[in-house]
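Right, I'll just put the structure down here and ask away after.
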Amino acid sequence: MVDTISLASHSKPSSKSADQKASAPMHGQGATAKTAKWIVLGSGKGGCGKTTSSLNLATIAAGDGINVVLLDTDEQQTLSNWHRLRERQGGLPSIRLVTIPLSDFVRAAREIEALQGVDLVIVDTPPGLDNQAGVSQLVRRADFVLVPSSQAKPDLDSAVEFMGALVNLNVRGAFLLTKTSQRWGSYRMAKKRLNGAGNLCPVDVRFLRDIEATHEFGLGINELSGAKGTDDMESVWQFVRKSVGI
Ligand SMILES: Nc1ncnc2c1ncn2[C@@H]1O[C@H](COP(=O)(O)OP(=O)(O)OP(=O)(O)O)[C@@H](O)[C@H]1O
Ligand SMILES: [Mg+2]
């Protein structure tokens with residue numbers, strides 16, 4: 001576990017290939033609307049790891065040289081609070097933030113599409129997504145929806161139901177098992193259940209103090225030197241990036 005938080009090196013070279021760089025959106029040409037990929041973190045359940053996954057995927061993608069915009073559609077603004085802390089840190093890869101509630105999704109989409117040079121939009125959503133206005137517009141706009149769930153039965157029930165709704169809308173997505181305790185019997189059962197119910201991200205995110213701590217510093221797990229859980233989140237990012245073709 002990390003007890004003294006220090007910034008990890010940010011001089012990591014971009015892992016984009018020359019071809020990917022050549023096809024990246026060009027500034028000043030209004031290319032964002034056509035080329036930016038949208039990833040949505042969504043579930044019917046609160047507290048399953050949507051915001052934590054959003055911010056950590058954003059910092060890892062930004063560390064890879066990808067131009068990331070975070071869209072916070074949750075009126076609790078947990079992600080925006082994290083971003084405010086991040087703004088106070090120096091020398092970090094830039095991540096832009098748009099904070100607009102899900103009920104006003106059309107405005108949010110318009111605002112993001114007016115931004116230049118965006119490669120990736122990561123959308124954090126409020127709890128209880130089933131009943132939110134704007135959700136079907138949002139998931140239809142998504143290139144990929146990641147549905148986090150802990151290994152606890154109520155979370156799994158909700159995630160499976162939400163995935164069913166995505167399938168009905170013909171939206172691509174995958175479950176992401178988060179906050180896992182791999183030694184508990186429920187872990188194996190959760191994996192089996194999610195594997196049977198749809199596409200499951202092959203790596204899960206362990207329940208770790210260092211991952212929880214990312215909220216406290218405005219940093220991502222990859223930006224905390226020596227933090228446990230960096231591999232977990234980086235592997236999830238590799239899965240997501242392959243899934244959306246970035
Ligand atoms: N892998 C993890 N290890 C340890 N703690 C975690 C992990 N993932 C999330 N948490 C903690 O669990 C809590 C809920 O996580 P998070 O805020 O990401 O969930 P959420 O789905 O966004 O919740 P809400 O629906 O209320 O917005 C937070 O306190 C967060 O720090
Ligand atoms: Mg949240």
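Of the residues in the range 127-155, how many are of a type outside the set (Asp, Glu) and open to solvent by 10 Å² or more (accessible area, probe 1.4 Å)?
17
Still on this structure, I have one more. Quick check on this structure: which one of 193, 183 is among the basic types (Lys, Arg), over 19 Å from residue 126 (Cα atoms) and within 16 Å of ligand 1 (Cβ to nearest atom)?
Checking each option against the conditions leaves just 183.
Where the second residue is assigned to a helix (DSSP H, G or I) and away from ligand 1 (no atom under 13 Å from the Cβ) and the first is open to solvent by 10 Å² or more (accessible area, probe 1.4 Å) and of a type in the set (D, E, K, R) and lies in the range 196-224, which pairs have Cβ atoms under 8 Å and are six or more apart or on separate chains?
Qualifying pairs under 8 Å: 204/191; 216/85.
Here's a check for you: in the range 225-243, which residue that is open to solvent by less than 60 Å² (accessible area, probe 1.4 Å) and not in a helix (DSSP H, G or I) is nearest to residue 183 (Cα to Cα)?
229
Restricting the search to the range 135-169, which residues are more than 13 Å from ligand 1 (Cβ to nearest atom), touching a Ser or Thr at 6+ places or on another chain (Cβ under 6 Å) and over 26 Å from residue 246 (Cα atoms)?
Once the filter is applied, which keeps residues that are more than 13 Å from ligand 1 (Cβ to nearest atom), touching a Ser or Thr at 6+ places or on another chain (Cβ under 6 Å) and over 26 Å from residue 246 (Cα atoms), the range 135-169 yields only 156.
Where the second residue is surrounded by fewer than 15 Cβ atoms within 10 Å (Cβ to Cβ) and in a helix (DSSP H, G or I) and the first is of a type in the set (Asp, Glu) and lies in the range 149-170, which pairs have Cβ atoms under 9 Å and are six or more apart or on separate chains?
Qualifying pairs under 9 Å: 161/130.
A follow-up question, please. Here's a check for you: in the range 92-113, which residue that is open to solvent by 70 Å² or more (accessible area, probe 1.4 Å) and not in a strand (DSSP E or B) is farthest from ligand 1 (Cβ to nearest atom)?
110
The values are calculated or read from the model by the stated rules, or taken from the named source; none is laboratory data. On a predicted model such as this, the values are computed, not experimentally measured, just so you know. We place every Cβ from the backbone using ideal geometry, glycine too, and count neighbours over all the protein chains shown. Accessible surface areas use protein heavy atoms only, side chains included; no ligands, DNA or RNA. Shrake-Rupley method; radii C 1.70, N 1.55, O 1.52, S 1.80 Å.
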